[in-house]
Amino acid sequence: GERADAAFCVTSGVVDVLGSGDGLLLGRFSTQVVLGEGEFIERALYAASARCVRSTRCVLLTHDAFLEALRRTDQTGAYREKVLATAGEIPQLRTDARAAAAGEAVRKTAPERPSARFWEQARLVANAGGLLWFATTVPFLVTFASSAAGLPVGVVVADGLFLAL
């Protein structure tokens, strides 16, 4: 591993934590978890690697930015006191320790089915088609169709199908 100069707060998405030496899956995390927190506090080497399973957003907190924020708010002394008082708990904040605890949940969870991913993508394509349909066809129909004739049945059926997706 490399030196922990940042902590990562996952705000959305799913992240797999992998062993740094063997690359084996240690655990799976989703939103509102901080990865690398123990290593960040200890200024140690990262104990594990992370890989995004889905589109993921995270907030990166660098050690330099953290120290600057402490300095600006006059909290450096309070931070040092807190670290000294909770030194025994810091190893539990390391990513590998958290992943080991979460690993049981990963093993009990069924793997993601490829067919579910296919249908998710198919739904996305259909929704994009629906947007394209509305963006092109409906304005022309509203503009050129007479108000007495109304919308053709085919347009109403297609609109209903796209709205159902």
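The table for this structure:
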| item | result |
| --- | --- |
| Selection from the stretch 56-82 of residues that are at pLDDT below 90, of a type in the set (Ser, Thr, Tyr) and open to solvent by 50 Å² or more (accessible area, probe 1.4 Å) | Thr73, Tyr79 |
| In the stretch 1-22, the residues that are open to solvent by 40 Å² or more (accessible area, probe 1.4 Å) and of a type outside the set (Ser, Thr, Tyr) | Gly1, Glu2, Arg3, Asp5, Phe8, Cys9, Gly21, Asp22 |
| Whichever residue in the stretch 46-99 is among the basic types (Lys, Arg) and assigned to a helix (DSSP H, G or I) and, among such residues, is nearest to Val15 (Cα to Cα) | Arg98 |
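The values are calculated or read from the model by the stated rules, or taken from the named source; none is laboratory data. Note that this is a predicted model, so its numbers are computed, not measured. For the accessible areas, the whole protein counts, side chains as well, though only heavy atoms, and no ligand, DNA or RNA atoms are used. Shrake-Rupley method; radii C 1.70, N 1.55, O 1.52, S 1.80 Å.
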